[in-house]
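The values are calculated or read from the model by the stated rules, or taken from the named source; none is laboratory data. Source: prediction; values computed, not measured. When we count neighbours, we look across all protein chains shown, and the Cβ atoms used for this are built from the backbone with ideal geometry, even at glycine. The protein model used for the area step is the full one, side chains on, heavy atoms only, and it has no ligands, DNA or RNA in it. Shrake-Rupley method; radii C 1.70, N 1.55, O 1.52, S 1.80 Å.
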Amino acid sequence: MELHYGELAARVAALTAGEDDPVALMATVACEVHHADDRFDWTGFYRVVAPDLLKIGPYQGGHGCLTIPFSRGVCGAAARTREVQIVPDVEAFPGHIACAASTRSEIVLPVLDAQGELIAVFDVDSDRPDAFGEADAEGLARILRETFAR
């Protein structure tokens, strides 16, 4: 089954209409995205809580890391560079932080607010290798843009 990001984006938009609390928005996005595709093993946000520091936010799945500095891991790289990170094999990513032993691949996207400030990163892990591609990056980026930068 192929994930239709347009339908997912419409569902998220309908559920979040009129909401402006970032944590409520993150909780809704994490839930909807997580349940949209069986490739998604862990789905959630790491919020920017201090300069160069991420702390776990709303998520779906098993336990995640509580804090991640911008200098470490895939989430840190996405926060530091403000660029989408697609990692087909987490074992091959220098400095990967193994929050869950089941993670084989992941995608992490920067989350910007309406002023263009980095407020979080959105992390989706898969227990399958090479689970993510450009269609995922584009579809998830659209959802994040429409939800947080409006």
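A quick yes/no check of all residues on (1) open to solvent by less than 30 Å² (accessible area, probe 1.4 Å); (2) outside any helix (DSSP H, G or I); (3) modelled with pLDDT of 95 or more:
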position: Cys99; (1), (2), (3): no, yes, no
position: Thr103; (1), (2), (3): yes, yes, no
position: Ile119; (1), (2), (3): no, yes, yes
position: Asp130; (1), (2), (3): no, yes, yes
position: Leu144; (1), (2), (3): yes, no, yes
Subset of the stretch 29-58 [surrounded by 21 or more Cβ atoms within 10 Å (Cβ to Cβ) and either over 21 Å from Ala131 (Cβ atoms) or in contact with a Phe, Trp or Tyr (Cβ under 9 Å, 6 or more places away or on another chain) (or both)]: Val29, Ala30, Val33, Trp42, Thr43, Gly44, Phe45, Tyr46, Leu54, Gly57
Residue count for the stretch 132-142, restricted to those that are among the acidic types (Asp, Glu) and buried (at least 16 other Cβ atoms within 10 Å of the Cβ): 1
Residues located in the stretch 60-83, provided they are over 18 Å from Arg104 (Cβ atoms), open to solvent by less than 60 Å² (accessible area, probe 1.4 Å) and assigned to a loop (DSSP other than H, G, I, E, B): Phe70
Any pair with Cβ under 9 angstrom, 6 or more apart, that starts in the stretch 57-70 at a residue that is touching a residue at least 60 places away in the same chain (Cβ under 8 Å) and ends at one that is in a loop (DSSP other than H, G, I, E, B) and open to solvent by less than 70 Å² (accessible area, probe 1.4 Å): Gly61/Phe40; Gly61/Asp41; Gly61/Ala100
Conditions (1) over 16 Å from Pro58 (Cα atoms); (2) in contact (Cβ under 8 Å) with a residue 12 or more places away in the chain: number failed by Gln115: (2)
Residue check for Gly57: out of contact with any Ser or Thr (no Cβ under 8 Å at 6 or more places or on another chain) and assigned to a loop (DSSP other than H, G, I, E, B): no
